[in-house]
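K.L.:
Here it is, the structure in full.
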Amino acid sequence: GRFDTAELDGLAESMNIMAAELDERIRTITRQKSELSAILSSMMEGLVAVDKSENILIVNDAAAEILGRQPADMHGKPLVEAVRNSRIVEFVRELSNSQTPMSCEMTIVVGGFVEKSVELHGAALRGADGERRGVLVVFHDISELRRLETIRRDFVANVSHELRTPLTSIKGFVETLLDGAGNDPEDRTHFLEIIRSHTDRLNAIIEDLLTLSHVEQQEIIGGDDFVFEPSPLAAMISDVVSVFEERAAGKNIALKHGEIADISIDTVRNLFEQALVNLVDNAIKYSAAGTVVEIGAQIENGSATISVIDQGAGIPAEHLPRIFERFYRIDKARSRKLGGTGLGLAIVKHIMKVLGGTVSVKSEQGRGSIFTLVLPVQRERADDPVS
């Protein structure tokens with residue numbers, strides 16, 4: 001039969017309405033997919049979803065990074081091939097048979113040598129009918145958290161040890177004096193001098209711990225206690241040199257500084273000077289008689305670079321990555337003998353963070369060391385609030 005025009009018009013209108021609805025649905029699905037993709041990409045946590053055949057359905061950038069892979073190399077692949085880790089595969093298989101969500105922590109090796117601590121949370125994916133459709137796993141990289149826990153644990157152990165050592169000596173010598181060894185004036189003076197040196201050492205450790213704690217606190221809350229203002233670089237370096245001139249001369253060490261530009265840098269003067277004092281103190285402490293300690297300063301590209309160069313014994317390469325840790329000492333006995341607290345370089349590192357700068361070291365055993373501070377000449381700051 002033949003359609004009349006009215007029927008054709010009605011059919012055309014119905015098809016147009018269906019096309020419009022279909023178009024709207026496709027657009028909604030596309031938008032939802034884009035939104036889901038944006039959410040997955042911006043997540044800090046890694047996320048992997050697999051179907052019941054253990055093929056990867058979804059993998060976000062964070063998961064690929066944690067596992068040391070590219071997302072494109074994982075998508076659609078079997079889990080075993082994509083993650084290359086039997087413990088993760090085992091965890092996914094346990095999840096697929098579990099009625100409840102599960103968690104576990106494991107160490108994975110990425111790229112053949114980088115160890116990461118990873119926390120996994122997962123659950124089986126089930127359809128509306130309750131049938132198992134696959135598994136969803138969320139990865140948290142907790143390597144930094146574990147590293148900080150280790151540092152904190154070591155720090156507490158080190159503080160205990162560092163304080164216990166002089167306290168034990170003080171107690172021992174006080175008991176010796178009480179037992180009558182102080183009857184001889186020479187012995188008494190000798191023991192009291194040892195007690196005084198250990199007391200000075202305790203005092204130095206506590207002072208450095210308080211400094212470190214205060215600087216770290218300001219680092220966290222934004223340095224409200226510290227006033228940034230234009231400070232003359234040449235004058236600050238001269239102040240530090242004057243502190244050590246006598247000590248350097250006493251050890252027959254030449255303490256020099258080259259031409260320093262007449263420029264002010266926007267910084268906290270007492271903090272900058274403390275950082276430089278710690279570096280010069282170390283340079284003189286660990287240098288032999290007849291050597292030179294030199295402070296150099298230059299300005300370029302909006303930064304001030306201040307270097308402390310010594311001709312001391314140098315630092316063996318294996319120690320370099322760790323020397324800015326608290327209580328890390330290359331030669332424990334020598335450091336203590338020279339009055340070091342093991343906190344000086346940690347203080348420098350944290351001061352530089354507060355000042356918006358960096359500290360670095362170059363050293364070669366037998367050839368001395370160069371410690372370098374880099375600071376912005378002009379600090380970026382938010383506009384002062386209107387009073």
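K.L.:
When D266 is evaluated against the numbered criteria (1) touching a residue at least 60 places away in the same chain (Cβ under 8 Å); (2) charged (D, E, K, R); (3) surrounded by fewer than 17 Cβ atoms within 10 Å (Cβ to Cβ), which criterion, by number, is the only one it fails?
P.N.:
Evaluating D266 over (1) touching a residue at least 60 places away in the same chain (Cβ under 8 Å); (2) charged (D, E, K, R); (3) surrounded by fewer than 17 Cβ atoms within 10 Å (Cβ to Cβ) leaves (3) as the failure.
K.L.:
Might you check whether a residue that is charged (D, E, K, R) and open to solvent by 60 Å² or more (accessible area, probe 1.4 Å) occurs anywhere in region 208-218?
P.N.:
So in region 208-218, the residues charged (D, E, K, R) come out as 208, 216.
Okay, now just the ones that are also open to solvent by 60 Å² or more (accessible area, probe 1.4 Å), so none.
For region 208-218, residues charged (D, E, K, R) and open to solvent by 60 Å² or more (accessible area, probe 1.4 Å): absent.
K.L.:
Suppose we filter region 235-253 for residues that are of a type outside the set (S, T, Y), under 21 Å from Q298 (Cβ atoms) and without any contact (Cβ under 8 Å) to a residue 40 or more places away in the chain; how many remain?
P.N.:
Qualifying residue count for the region: 2.
K.L.:
What number of residues in region 280-296 are under 30 Å from Q378 (Cα atoms) and open to solvent by 20 Å² or more (accessible area, probe 1.4 Å)?
P.N.:
Applying the first criterion (under 30 Å from Q378 (Cα atoms)) to region 280-296 yields 280-283, 293-296.
Then drop every residue that is not open to solvent by 20 Å² or more (accessible area, probe 1.4 Å), which leaves 281-282, 294, 296.
Number of matching residues: 4.
K.L.:
Just to verify a result, which residue in region 2-60, among those that are assigned to a loop (DSSP other than H, G, I, E, B) and over 20 Å from A124 (Cβ atoms), is modelled with the highest pLDDT? Break it down into steps so the answer makes sense when it comes.
P.N.:
At the first step, the residues of region 2-60 found to be assigned to a loop (DSSP other than H, G, I, E, B) are 2-4, 43-45, 52-54, 60.
Among the residues that remain, those that are also over 20 Å from A124 (Cβ atoms) are: 2-4, 43-44.
Working: R2: 58, F3: 57, D4: 72, M43: 70, M44: 77.
For region 2-60, the residue satisfying everything is M44.
K.L.:
Is it true that some residue in region 308-325 is touching a residue at least 24 places away in the same chain (Cβ under 8 Å), of a type outside the set (D, E, K, R), touching a Gly at 6+ places or on another chain (Cβ under 6 Å) and farther than 25 Å from L233 by Cα? Let's see the steps before the verdict.
P.N.:
The initial filter retains those residues of region 308-325 that are touching a residue at least 24 places away in the same chain (Cβ under 8 Å), namely 308-317, 320, 323-325.
Imposing the further condition that a residue be of a type outside the set (D, E, K, R) reduces the set to 308-309, 311-317, 320, 323-324.
In the following step, the residues that additionally are touching a Gly at 6+ places or on another chain (Cβ under 6 Å) were identified as 311-312, 314.
Now restrict to residues that are farther than 25 Å from L233 by Cα: 312, 314.
Yes.
K.L.:
Looking at (1) free of Cβ contacts under 8 Å to residues at least 12 places away in the same chain; (2) more than 19 Å from I56 (Cβ to Cβ); (3) open to solvent by less than 70 Å² (accessible area, probe 1.4 Å), which is the only condition V109 fails?
P.N.:
So the condition that V109 fails would be (3).
K.L.:
List pairs: first residue in region 159-177 and of a type in the set (D, E, K, R), second residue surrounded by 14 or more Cβ atoms within 10 Å (Cβ to Cβ) anywhere in the structure, Cβ distance under 6 angstrom, at least six positions apart or on different chains.
P.N.:
What qualifies is E162/I205.
The values are calculated or read from the model by the stated rules, or taken from the named source; none is laboratory data. As the structure is a prediction and not an experimental result, all values here were calculated from the model. Every residue, glycine as well, gets a Cβ built from its backbone with ideal geometry; the counts of neighbours run over all protein chains shown. In case anyone asks, the SASA skips ligands and DNA or RNA and just uses the protein heavy atoms, side chains included. Shrake-Rupley method; radii C 1.70, N 1.55, O 1.52, S 1.80 Å.
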